[in-house]
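Every read-out reported here was derived from the displayed coordinates using simple, explicitly stated rules and does not represent laboratory data. A quick note: this is a predicted structure, and the numbers were derived from the prediction, not measured. Neighbour counts run over all protein chains shown; Cβ positions are idealised from the backbone, glycine included.
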Amino acid sequence: MKKLLVLATLASLAFGASISAQAANAISTQELIQDCKGEEGTFVTCEIYGQAVYDTYLVTRHPKSAPDFICVQQPPPTRKDIIQEYITWSDAHPKYATDPAADTILRFLAGRFPCGKSAK
């Protein structure tokens, strides 16, 4: 039983270290922008990544502990238009180039679609 407990503990530590290493190597804004521009990857990678970040934002909202800060008016702009706006925003804010792409996507969307204000 002790051996099983030790193995389970080691496995969980190894799994945790693996997750930490992945978080430390999050895709940067400049790396994602290369995909969005089609320079180093594919545009579809940009679309999928951006949609995943936004979907995660949507499912983690809670009115008390995590209120909305991105409010997209309907009908929404096309995904392609939003990606182009994100590229333009990123080019205008080079100080965020090495920040995690998920952070800058949310930062951009919060500015583009603020809650309680009309969107562009």
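Things to note:
- SER28 long-range amide H proximity, modeled H, under 5 Å: ALA101
- Contour excess over end-to-end distance, with Cα ends at VAL72 and ASP103 and 0.36 nm allotted per residue: 9.4 nm
- Going from the fewest other Cβ atoms within 10 Å to the most, the residues CYS46, CYS115 appear in the order CYS115, CYS46.
- Rounded to the nearest Hz, the phi-derived 3J(HN,Hα) couplings of the range 62-70 under the Karplus curve 6.51 cos²θ - 1.76 cosθ + 1.60 (θ = phi - 60°) are 9, x, 9, 8, 8, x, 4, 10, 10, where x marks glycine and proline.
- The modelled label-to-label distance between ARG61 and ILE27, using points 7 Å beyond Cα along the C-beta direction, is 2.4 nm.
- Magnitude of the charge dipole for the range 27-112, about its Cα centre and with charges confined to Cβ atoms of Lys, Arg (+1) and Asp, Glu (-1), is about 380 debye.
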